[in-house]
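These notes concern the structure reproduced below.
Please treat every number below as a calculation from the coordinates, not as lab data. All values reported here derive from a predicted model rather than from experimental measurement. We place every Cβ from the backbone using ideal geometry, glycine too, and count neighbours over all the protein chains shown.
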Amino acid sequence: MMSSEGALPLSEVPSAASSRRLFEQSPNELDSRGGGIVLQPDVIEAFRFGGVKLPSPPGADSGDRIYLDRDDRIIEQFPMPQTQTSWSLIYSAMRRGLPAEIIHPGERVTHLEQNAQTVTAHFESGRVEEAELLVGADGPRSAVRAQLIPGLQPTYAGYVAWRGRLEENDLDLNAAEVLRDRFTFQQGEAHLILVYLVPGEDDAAGVGKRRWNWVWYRALSDESLKSLMLDRNGTQRSRSLPPGTTKDEDIAELRSAAKACLAPTLQVLVEQTPEPFVQAIQDLRVEQMVFDRAVLLGDAAYVPSPHTAGSTAKAAANAVALAHVLMFNDGHPLVAALSRWEVQQRRLGIGMSELGISLGDRIMQLRD
């Protein structure tokens, strides 16, 4: 089962519906998040395999990929049809595909115990659950990973991703004419911005109901990162600032930098976005994904650079492969079957991590 960041699926094997239990760290539904995702084949396959229906259409289509220069000229253009969806749409569809009674929000794991037959999870609430298999799919800040590999944390990659969302019809018409139905890039010295449409409110993907989603990667020192991650309420954060928490002076600096660095069309987009937010780009890879009867999946195990556009696809591939192992184990011991799964999935994670670091370093000019 593919799970969202913040979710801890605790599954018994065999996987009868009555035996599956899913525990989410957040006490609330997470479908308000609107981060953009390129809809990759692995994600589509995970939904097909799980018998979960995606909305139709599942996102916003783009036909051409274009590159702008500083003067708004299209310096490169070529066809690359693809569909962009949103984290919100993917999460909501997954949640609807699960029986409501197996989902338990507001539960954070604090301790794990294992023996030859079972794994036991202890939660902050005092709840204790036992199963034959525990799958930790709780994202880059995984509480499960913290129990299995104490002290391992993502490392800062040396740059941040400023992000913004704007309702489709709120963008200046001239700017919209350049960007609509395209996947747009502009690259400069130690920065890269990309723009595309994603589903809007209630996952609507019709024309006029979508949102512009943009991401601007900018190099930033460790010292400047700490200052940036101090939010407008005085809270020091480590990884990201959600919409509405970024300080006014930092947003003003962003818009000033946009005027200095970006094409006029993209300057307008950044200027008209009401609440830009920011995320520190981080790298993480584990040396082990299987710990007897507990496994790490998705970003809980490998946090690849967003330049790979493959984080969600990787989690989906991990999940489908794990489901195959559990369904078609042919009577082999569970731990042996998981070991076979781990070999292939670690290869996938390592390859994607190395590619992402290489792309990020080259784009951001961080290392020779």
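Numbers below:
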read-out	value
Rounded tilt (10° steps) of 334-364 against the dominant C-alpha axis of the chain	10
Difference of contour (0.36 nm per residue) and Cα-Cα distance, SER125 to ASN28	33.4 nm
Dipole magnitude of the chain, debye to nearest 20 (Cβ charges: Lys/Arg +1, Asp/Glu -1, about Cα centre)	320
Reach of LYS259 by Cα under 27 Å, taken over lysines that are not fewer than 8 positions away in the same chain	LYS226, LYS247
Segments 310-320, 53-63 sorted - mean Cβ within 10 Å per residue, highest first	310-320, 53-63
Highest-MSF residue in the chain out of GLU223, GLU130, GLU253 [GNM, Cα springs under 10 Å]	GLU223
Percent RCO, i.e. relative contact order, over region 165-211, from Cα pairs under 8 Å lying at least 6 residues apart	39
Residue-span extension gain [TYR67 to ASP170] - 0.36 nm each, minus C-alpha spacing	34.8 nm
Between region 285-306 and region 226-284, the alpha-carbon center distance in angstrom	30
With 10 Å bins from 0: P(r) over region 237-291, alpha-carbon pairs, percent	21, 38, 22, 10, 8, 0
Residues THR235, THR273 arranged by fewest to most Cβ contacts within 10 Å	THR235, THR273
Order of ARG180, ARG293, ARG145 under a 10 Å beta carbon neighbour criterion, fewest first	ARG180, ARG293, ARG145
FRET efficiency, LYS247 to ASP181 (Cβ-Cβ, R0 41 Å, nearest 0.05)	0.75
Computed FRET value (nearest 0.05) for PHE328 with LEU366, which takes r as the C-beta separation and R₀ as 51 Å	0.70
Mean ellipticity per residue at 222 nm, deg cm²/dmol - from DSSP H runs of n ≥ 4 across the chain, formula -39500 (n - 2.57)	-9500 deg cm²/dmol
Extension gain, ARG255 back to ASP202 (0.36 nm per residue minus Cα-Cα distance, nm)	16.2 nm
Structure-derived Cα extents along the principal axes in Å - corresponding label in (1) 64, 44, 38; (2) 153, 110, 40; (3) 58, 50, 43	(1)
Percent RCO, i.e. relative contact order, over region 211-368, from Cα pairs under 8 Å lying at least 6 residues apart	19
Relative contact order for region 31-82, counting Cα pairs under 8 Å that sit 6 or more residues apart, in percent	28
Order of TYR196, TYR217 - criterion: other Cβ atoms within 10 Å of each residue's Cβ, fewest first	TYR217, TYR196
Farthest toward positive dipole pole in the chain [+1 Lys/Arg, -1 Asp/Glu at C-beta], among VAL268, GLY151, LEU173	GLY151
Rough spin-label spacing in nm, given labels placed 7 Å along Cα→Cβ, for ARG340 and ASN233	5.0
